[in-house]
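Here's the structure, in structure tokens; my notes come after.
The values are calculated or read from the model by the stated rules, or taken from the named source; none is laboratory data. Note that this is a predicted model, so its numbers are computed, not measured. Note: ideal-geometry Cβ built from the backbone for every residue, glycine included; neighbour counts use all protein chains shown. In case anyone asks, the SASA skips ligands and DNA or RNA and just uses the protein heavy atoms, side chains included. Shrake-Rupley method; radii C 1.70, N 1.55, O 1.52, S 1.80 Å.
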Amino acid sequence: MSPTLEEMQRRDVADPLRAMRDAFDLPPGEIYLDGNSLGALPHATARRIADTVRSEWGNGLIRSWNKADWIGTPARIGGKIAAIVGARPDEVLVADSTSVNLYKLLVAAMQAQAGRSVILSEPGNFPTDLYVAQGVAATLPECALRTVPRDQIAAAIDENVAVVMLTHVHYQSGARFDMDAITRAAQAKGALMLWDLSHSAGAVPVDLNAANADLAIGCGYKYLNGGPGAPAFLFVAERHQARLRSPLTGWMGHAAPFDFTDDYAPSEGIRRFLCGTPPILGMAALEEGVDLMLSVDRAALFAKGQMLCSAFIDLVEDRCAGLGLEVLTTRDPKARGSHVSLRHAQAWPVMQALIARGVIGDFRAPDALRFGFTPLYTSHVDVWHAVEALRDVLVSGSWNHPDFHVRAAVT
Ligand SMILES: Cc1ncc(COP(=O)(O)O)c(C=O)c1O
């Protein structure tokens, strides 16, 4: 049975996180279900950016590297994200993009695993993960990317696998791997385990240390609300930090960058995975998003995310039955992230028609409508209205307007 509007209103009244919505600058009259692509703007971020620009950059100028601790941002914000992903503060660093961090960790892992040549992943992993792994394989001698379907991963790990590279929550289906079980299976065969947490950090419980994970990466601009193109994070378990070496040996990862010597020597600890100068405006925005995430009870946050997903699936199955939709995401809350995908033969124009009605989700090729439920600012009533709008778009056929068939550069 799907919930009624009255029931969703009751859930909002009882929601311990309902005040958090006021912390965000959301356009009135819209329902934003795309926080898993680009998190919303916190009010505090606009103030922080203005202050960083005017006061720290404008007045402090070069002094702010020390006085405002700009130089400490990668480790400081990394230490905060560590609390969200179950790591120690000195195991997480904010730097570069997710793709670049993946490159650094994959090459470091391959070089540390002498005699092993395979990066193991699944077909349909997020494209950048597969593309970066293909680039690593093309660059390193004796390295190959092998992909096997997700239910065969554990069985496919053998003595030739150097690193198992998987996305914890799948970007499209929302399917969530059992982090403990897969990590155990990889390590039982001597492989390192690398998790992409882009759709997990701030969306579902993650405990890298409890799972004994080796390596991880993730985005700052999704559930962490770090802003468009926010710097990403990387995790290297403390036990590996001394032996793993970043292939991007920039000066910020040097043991003594301001000695200006000619020869590279890696820093101790996680800082060796820095490359160049941190982007301070992006760092400031990310820190506000992370601080907001740290200010709430995350068990309540994740429970609400799952309630929103379940209600959405129930409502779609009830209110949109017979309208050409197929739910691609599992009904099991423990086996999914905080987004839900629906298949529809006309997914692109349907999503454009929905966006025109003020319900913002996204389209993922070839035929998926994807809806992210970011529990910091999505209400239960939002979910109810979103499904009614989807039903209306499908019943009325309003999606079949020529304008909605035009593909944009970014989908
Ligand atoms: C699983 C996953 N990895 C990586 C990325 C993006 O990487 P980058 O920030 O380098 O563009 C995304 C973006 O949506 C993603 O979903």
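Brief remarks on what is shown
- Considering 269, 282, 276, 289, the condition of being open to solvent by 10 Å² or more (accessible area, probe 1.4 Å), touching a Pro at 6+ places or on another chain (Cβ under 9 Å) and either at positive phi or within 16 Å of the ligand (Cβ to nearest atom) (or both) is satisfied by 282 alone.
- Condition met for residue 40 (within 27 Å of residue 218 (Cβ to Cβ), surrounded by 12 or more Cβ atoms within 10 Å (Cβ to Cβ) and free of Cβ contacts under 8 Å to residues at least 60 places away in the same chain): no
- When each of 407, 364 is tested for being among the charged types (D, E, K, R), within 21 Å of the chain's Cα centre (by Cα) and either open to solvent by 20 Å² or more (accessible area, probe 1.4 Å) or under 26 Å from residue 296 (Cβ atoms) (or both), the lone residue that passes is 364.
Yes/no matrix, rows are residues, columns are (1) within 16 Å of the ligand (Cβ to nearest atom); (2) more than 18 Å from the chain's Cα centre (by Cα); (3) closer than 16 Å to residue 86 by Cβ; (4) surrounded by fewer than 16 Cβ atoms within 10 Å (Cβ to Cβ):
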position	(1), (2), (3), (4)
151	no, yes, no, yes
167	yes, no, no, no
170	yes, no, no, no
182	yes, yes, yes, no
186	no, yes, no, no
194	yes, no, yes, no
201	yes, no, yes, no
204	yes, no, yes, no
218	yes, no, yes, no
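- Pairs with Cβ under 7 Å, 6+ apart, first in the range 227-240 and part of a helix (DSSP H, G or I), second within 14 Å of the ligand (Cβ to nearest atom): none
- Of all residues in the range 227-243, those satisfying the criterion of being within 11 Å of the ligand (Cβ to nearest atom) and surrounded by fewer than 24 Cβ atoms within 10 Å (Cβ to Cβ) are 228, 229.
- Residue count for the range 108-155 under the criterion of being of a type in the set (Gly, Ala, Ser) and in contact with a Ser or Thr (Cβ under 7 Å, 6 or more places away or on another chain): the result is 4.
- Restricted to helices (runs of 4 or more DSSP H) entirely inside the range 59-130, those with at least 2 residues that are within 14 Å of the ligand (Cβ to nearest atom) are 98-112.
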